[in-house]
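Okay, so here's the structure we're looking at.
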Amino acid sequence: MAEITTPYVTPIIEALKAEMDIDSSLLARLYALLVLSKGSETTMEDVHDAWSLWFEAGDGRRDHRSLVPFGQLPLQVQEYDRKYMNVIHRVAREYAGDGDA
């Protein structure tokens, strides 16, 4: 019988959820995709795009004032994504072997 192992993405998702203090598994998975696909090259715009997809998918709402392209957000709103980007960079270094972050 084959040994059942934890999927390689599970520790990444759990680390993101813990460090970002988010409850949404879908949002954590979208951020995990950034860890795996972009790693230390993840930008605040990438974080915003992932959040936008999550928000719209959650209940189909399209009326949030931040559901606009990143470049159209006020700078102070853009800055909200910096802390999430930084966590993605840290997790990429730790779990995805991204040494460039």
Report task. Rank S66, S40, S52 by mean-square fluctuation in a GNM of the chain with C-alpha springs under 10 angstrom and give only the top-ranked residue. Result -> S66
Query raised in the report: Considering only G97, S40, L27, whose Cα is most displaced toward the positive end of the charge dipole of the chain, charges sitting on Cβ of Lys, Arg (+1) and Asp, Glu (-1)?
Result: L27
Requested in this report: Restrict the search to region 6-101; then list the chymotrypsin sites (Phe, Trp or Tyr not before Pro) that DSSP places in a loop and that have at most 15 other Cβ atoms within 10 Å of their Cβ.
Outcome: Y8
Query raised in the report: Taking the Cα atoms only, what angle lies between the long axis of helix 80-95 and the longest principal axis of the chain, rounded to 10 degrees?
Result: 10
**Report entry** GluC sites (Glu not before Pro), loop per DSSP, at most 13 other Cβ atoms within 10 Å - longest free stretch of the chain
**Finding:** 4-78
Requested in this report: Mind sorting R82, R65 by how few other Cβ atoms lie within 10 Å of their own Cβ, fewest first?
Outcome: R65, R82
**Report entry** Phi to ³J(HN,Hα) by Karplus 6.51 cos²θ - 1.76 cosθ + 1.60 over region 62-72, Hz, x for Gly, Pro
**Finding:** 10, 10, 6, 5, 8, 7, 9, x, 3, x, 8
Query raised in the report: When the C-alpha atoms of region 26-90 are aligned to their principal axes, what extent does each axis show, in angstrom, from largest down?
Result: 32, 26, 14
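The numbers here are math on the coordinates, done by the rules we state, and not lab data. As the structure is a computational prediction, the values presented were derived from the model and not from experiment. Please note: Cβ atoms are built from the backbone with ideal geometry, for glycine as well, and neighbour counts cover all protein chains shown.
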